[in-house]
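The values are calculated or read from the model by the stated rules, or taken from the named source; none is laboratory data. Note that the coordinates shown come from a computational prediction; the quantities given were computed from them, not determined experimentally. Cβ placement follows ideal geometry from the backbone for every residue including glycine, while neighbour counts extend to all protein chains displayed.
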Amino acid sequence: MINISFERLQPALTREKGIGMDIWIGNDHGGYDLKRRIVDYFSDKGYSFTDVGTNSEESVKYPYYAEKVSTAVADGLASKGILICATGIGMSIIANKFKGIRAALCTSSYMAKVTRLHNDSNILCLGGQITGVREAIDIVGIWLSTGFEGGRHSISLGLIESIEDELLTRLPFGESVMMKKE
């Protein structure tokens, strides 16, 4: 686990118990407004969720929030996660550093559906300054309700897992995980 101090993060976790999966949601200042709208959607639908903040538009560093959500999903505390920053790019970059995380930045409902069907994504990243509220709610709803198709896509996920395992031991320059498999 990465040693990051969360003393500056405020406020504490907000948990709401509801039906189904436990979803963790985190954001920086650029994603605060959209996060509020998604949390309202979760409450209206009765979803169980944990909000790790931030809870204002005051400038914060997004990696702190991405680490909390990514660790919760990777460790099985959460079934899925949602991360929101201004563009979604920064959150997706940091989330995908964690073993077992398949974070997808989605800007359309089609992307949300396909990333669940084919990639079994477990974290959805959104851009609070890029995607409108109605589109974002549609993306979230489709992403949460779409299952993994499996089949031929399971092979790719297996390759991703193999690469993650081997990268933990870092290969010398010029050697490829893919070349070793052939």
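What about Ala86, is it in the same structural domain as Tyr32 (by TED's automatic domain parsing), at pLDDT 95 or above and touching a Leu at 6+ places or on another chain (Cβ under 7 Å)? Give the steps one after another, and end with the answer.
Working: in the same structural domain as Tyr32 (by TED's automatic domain parsing): yes; at pLDDT 95 or above: yes; touching a Leu at 6+ places or on another chain (Cβ under 7 Å): no.
So Ala86 fails the test.
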Scan region 115-166 for residues that are within 17 Å of the chain's Cα centre (by Cα), of a type in the set (S, T, N, Q) and surrounded by fewer than 13 Cβ atoms within 10 Å (Cβ to Cβ) and jot them down.
Ser145
Which pairs do you get when a residue that is part of a loop (DSSP other than H, G, I, E, B), found in region 39-59, comes within reach of a residue that is aromatic (Phe, Trp, Tyr), reach meaning Cβ atoms under 8 angstrom, with the pair 6+ apart or on two chains?
Val52/Trp24; Val52/Tyr65; Gly53/Tyr65; Thr54/Tyr32; Thr54/Tyr65; Asn55/Tyr32; Ser56/Tyr32; Glu57/Tyr32
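Quick grid of which residues meet (1) closer than 14 Å to Gly30 by Cα; (2) touching a residue at least 24 places away in the same chain (Cβ under 8 Å):
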{"site": "Ala86", "(1), (2)": "yes, yes"}
{"site": "Asn96", "(1), (2)": "no, no"}
{"site": "Ile101", "(1), (2)": "no, yes"}
{"site": "Thr107", "(1), (2)": "no, yes"}
{"site": "Val114", "(1), (2)": "no, no"}
{"site": "Leu126", "(1), (2)": "yes, yes"}
{"site": "Val133", "(1), (2)": "yes, yes"}
If only one of Ile84, Ile94 is surrounded by 21 or more Cβ atoms within 10 Å (Cβ to Cβ), under 20 Å from Glu161 (Cα atoms), β-branched (Val, Ile, Thr) and touching a helix residue (DSSP H, G or I) at 6+ places or on another chain (Cβ under 6 Å), which one is it?
Ile94
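When the residues of region 140-155 are filtered to those that are out of contact with any Lys or Arg (no Cβ under 9 Å at 6 or more places or on another chain) and in contact (Cβ under 8 Å) with a residue 12 or more places away in the chain, which remaining residue is nearest to Ile89 (Cα to Cα)? Explain how you work it out, then say what you get.
We begin by selecting, within region 140-155, every residue out of contact with any Lys or Arg (no Cβ under 9 Å at 6 or more places or on another chain); these are 140, 150-155.
Going one step further and asking which of them are in contact (Cβ under 8 Å) with a residue 12 or more places away in the chain, we end up with 140, 153.
Numbers: Val140: 17, His153: 24 Å.
Top of the filtered list is Val140.
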